[in-house]
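The values are calculated or read from the model by the stated rules, or taken from the named source; none is laboratory data. In this text, all values refer to a predicted model and were calculated from it rather than measured experimentally. As a convention, Cβ positions derive from the backbone with ideal geometry for all residues, glycine included, and neighbour counts pool all protein chains shown. Quick note on the areas: whole protein, heavy atoms, side chains included, nothing else; ligands and nucleic acids left out. Shrake-Rupley method; radii C 1.70, N 1.55, O 1.52, S 1.80 Å.
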Amino acid sequence: MPKKIITVAREYGSGGRLIAQRVAEKLNLIYYDNQIIDLAALELGFDIDTIRKAASERSSSFIYTMSSSSFQLPLNDQVFATQSKIIRHLAKEDKACIIVNGCADYVLEDFDEVLTVFIHAPLESRVKRVKEDYKEEHDDYVKFVKKQDKRRSNYYNYYTTKKWGQLKNFDLTINSDLGIEEVAYIIVDVFKNSYE
């Protein structure tokens, strides 16, 4: 069945966002990344920074607050539920798109028209990219990159029934050390070949 949506999950520093942007340009797809979080913030009525922080962390409490005899989920859970609703809505739309979101592959696992991609790279390459391309400054880059991966892993493992980064969860897993442009072309080819 032809694919109309690409989901991209990635290790921190792998260049996954850059690759997804290149793929979107080459295929003329609508690109969604932080826009999904921003839409969730709008729907929930919170400022974007608060929602972006909540969107990257799993809920740390099993306690649900009760107000006016109704239960309210913790903010992190509300954000995940709202993002999931937005992602499903995008998938039901007629337009083809690419979604950069760590859990989009899981949220859309019942949709046939989705190509799920996971982008990874050796730790040394990711540390180099964070230093040189992202221009981030940290005392210990290795520790920082590992911490970001751990945060993504905890979030994914908490909100899904799958394990973060497991190859069998994705249609395509690819090492970005092949080159940003090269990886983008590979994804484009796989996506186009789904129409044949």
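Quick one: which of 158, 195 is farther than 23 Å from residue 48 by Cβ, at pLDDT below 95 and hydroxyl-bearing (Ser, Thr, Tyr)? Spell out how you get there, then give the answer.
Working: 158 fails: farther than 23 Å from residue 48 by Cβ.
After applying the criteria, what remains is 195.
Results for (1) at pLDDT 95 or above; (2) open to solvent by 10 Å² or more (accessible area, probe 1.4 Å); (3) touching a Pro at 6+ places or on another chain (Cβ under 6 Å); (4) hydroxyl-bearing (Ser, Thr, Tyr), shown as yes or no for each residue.
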{"position": "66", "(1), (2), (3), (4)": "no, yes, no, no"}
{"position": "69", "(1), (2), (3), (4)": "no, yes, no, yes"}
{"position": "72", "(1), (2), (3), (4)": "no, yes, no, no"}
{"position": "80", "(1), (2), (3), (4)": "no, yes, no, no"}
{"position": "85", "(1), (2), (3), (4)": "no, yes, no, no"}
{"position": "91", "(1), (2), (3), (4)": "no, no, no, no"}
{"position": "94", "(1), (2), (3), (4)": "no, yes, no, no"}
{"position": "118", "(1), (2), (3), (4)": "yes, no, no, no"}
{"position": "127", "(1), (2), (3), (4)": "yes, yes, no, no"}
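Confirm whether residue 177 is touching a residue at least 40 places away in the same chain (Cβ under 8 Å), touching a strand residue (DSSP E or B) at 6+ places or on another chain (Cβ under 6 Å) and of a type in the set (D, E, K, R). For residue 177, the condition - touching a residue at least 40 places away in the same chain (Cβ under 8 Å), touching a strand residue (DSSP E or B) at 6+ places or on another chain (Cβ under 6 Å) and of a type in the set (D, E, K, R) - is not met. Taking residue 108 as meeting all but one of (1) within 14 Å of the chain's Cα centre (by Cα); (2) within 15 Å of residue 10 (Cβ to Cβ), write down the number of the exception. Residue 108 satisfies all of (1) within 14 Å of the chain's Cα centre (by Cα); (2) within 15 Å of residue 10 (Cβ to Cβ) except (2).
Taken over the stretch 90-140, the criterion of being in contact with a Gly (Cβ under 8 Å, 6 or more places away or on another chain) and hydroxyl-bearing (Ser, Thr, Tyr) is satisfied by 125, 134. Filtering the stretch 175-192 for residues that are closer than 28 Å to residue 76 by Cβ and either β-branched (Val, Ile, Thr) or under 13 Å from the mean Cα position of the chain (by Cα) (or both) leaves an empty set.
Could you count how many residues in the stretch 5-33 are polar (S, T, N, Q), surrounded by 24 or more Cβ atoms within 10 Å (Cβ to Cβ) and part of a helix (DSSP H, G or I)? Lay out the reasoning, then the answer.
Taking the stretch 5-33 and keeping what is polar (S, T, N, Q), we get 7, 14, 21, 28.
Pick out the ones that are also surrounded by 24 or more Cβ atoms within 10 Å (Cβ to Cβ) and you get 7, 14.
After this cut, where a residue has to be part of a helix (DSSP H, G or I) as well, the list is none.
Total satisfying the criteria: 0.
Condition check: within 19 Å of residue 107 (Cβ to Cβ) and out of contact with any His (no Cβ under 7 Å at 6 or more places or on another chain). Does residue 146 satisfy that? Criteria not met by residue 146. The condition of being modelled with pLDDT of 95 or more, more than 16 Å from the chain's Cα centre (by Cα) and not hydrophobic (A, V, I, L, M, F, W, C) holds for only one of 140, 149, that being 140.
Apart from one condition, residue 131 fits all of (1) assigned to a loop (DSSP other than H, G, I, E, B); (2) surrounded by 13 or more Cβ atoms within 10 Å (Cβ to Cβ); the exception is (1).
Do we find a residue being touching a Phe, Trp or Tyr at 6+ places or on another chain (Cβ under 9 Å), outside any loop (DSSP other than H, G, I, E, B) and among the acidic types (Asp, Glu) anywhere in the stretch 141-149?
Step one: filter the stretch 141-149 for residues touching a Phe, Trp or Tyr at 6+ places or on another chain (Cβ under 9 Å), giving 144-149.
Okay, now just the ones that are also outside any loop (DSSP other than H, G, I, E, B), so 144-149.
Then drop every residue that is not among the acidic types (Asp, Glu), which leaves 149.
For the stretch 141-149, residues touching a Phe, Trp or Tyr at 6+ places or on another chain (Cβ under 9 Å), outside any loop (DSSP other than H, G, I, E, B) and among the acidic types (Asp, Glu): present.
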